[in-house]
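So the structure is just underneath, and the comments pick up after that.
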Amino acid sequence: MTMAKIFDAEIKSNTAVAENIFRLELFAQELAETARAGQFVQVKLADEFTLRRPLGIASAENGVVKIFYRVVGHGTEVLSAKKAGDTLNLLGALGNGFDTGVTGRILLVGGGMGLAPLLSVAEKVGEVDVLIGGKNRGEVEFWIKEFKPEVGKVFITTDDGSFGSLGFVTNLLPEVLDYEDYAAIYTCGPEIMMRGVAQIASENNIPCKVSLERRMACGLGVCLSCSIDTLSGRKKICKDGPVFDAREVFMKAGENHG
Ligand code: FES
């Protein structure tokens, strides 16, 4: 396993792609070469912030690492003001990442910013389909552009019906599963969405992996701020995850594992 490193990366671009959503590109040759799909970095936003922020790696190609983030508070506001040529201090790559060696076709199911780690799977695996969910047209259109060159079929839902099917990814997923026999489903997004996806995957006997997101203080398995209960005991999202088997984290002890 490659050791996580602390290093400075120069910003290539930091651009708004939708309302309050930014795409950050960093020159980071070694990270781009070694990062696995679904891993993340801990970013030091500025000296005023003691804690680093975990941000998922969405793409790692040709010496450039791509990250997406939503501006939700002072920290991400500071990040959004950074310009090309500025440097950011990173710790990474961290976490286990997704298995990209699955035999058979994978379906990626993502909601909102949860699509970021799934994009890195699409980039690494190639032969995958994606089900994209978002609040409205503005929140899905840029994802479609990002995923299109990497994937086969793209299925879309929006909460307000302004693009694709009206509703949530869980409304459309059963129909998508009629279309093809998938070897695995990988999902990331709001927890309620992932639970729904995991339930449908289980009903269809399809292995499902979920990527969990939490506030993380250290990112190194030391502070325990990201601990969760799983079927096999207490685990740390930053070190044992962020990718887990859905049954492991969403099923209670004693339930049928399917
Ligand atoms: Fe510290 Fe996971 S963030 S143990």
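Among the residues of region 195-240, those that are in a loop (DSSP other than H, G, I, E, B), more than 9 Å from the ligand (Cβ to nearest atom) and within 19 Å of the chain's Cα centre (by Cα) comprise Pro207, Leu212, Glu213.
From the list Lys252, Lys148, pick out the single residue that is modelled with pLDDT under 95, away from the ligand (no atom under 16 Å from the Cβ) and touching a strand residue (DSSP E or B) at 6+ places or on another chain (Cβ under 7 Å).
Lys148
Being in contact (Cβ under 8 Å) with a residue 60 or more places away in the chain and either over 25 Å from Asp99 (Cβ atoms) or out of contact with any Leu (no Cβ under 8 Å at 6 or more places or on another chain) (or both) is a property that does not hold for Glu203. Applying the criterion of being modelled with pLDDT under 95 and assigned to a loop (DSSP other than H, G, I, E, B) to the residues of region 40-57, the residue that is surrounded by the most Cβ atoms within 10 Å (Cβ to Cβ) is Arg52. In the set Gly219, Gly258, only one residue is modelled with pLDDT under 95, out of contact with any strand residue (DSSP E or B) (no Cβ under 8 Å at 6 or more places or on another chain) and small (Gly, Ala, Ser); that residue is Gly258.
All conditions in (1) without any contact (Cβ under 8 Å) to a residue 60 or more places away in the chain; (2) buried (at least 18 other Cβ atoms within 10 Å of the Cβ); (3) away from the ligand (no atom under 14 Å from the Cβ); (4) not in a helix (DSSP H, G or I) hold for Phe244, with the sole exception of (3). Among residues of region 168-193 being touching a residue at least 60 places away in the same chain (Cβ under 8 Å) and in contact with a Ser or Thr (Cβ under 8 Å, 6 or more places away or on another chain), the one that is nearest to Lys5 (Cα to Cα) is Cys188.
The values are calculated or read from the model by the stated rules, or taken from the named source; none is laboratory data. Keep in mind the model is a prediction, meaning the values are calculated, not measured. Heads up, the Cβs are rebuilt from the backbone with ideal geometry, glycines too, and the neighbour counts pull from every protein chain shown.
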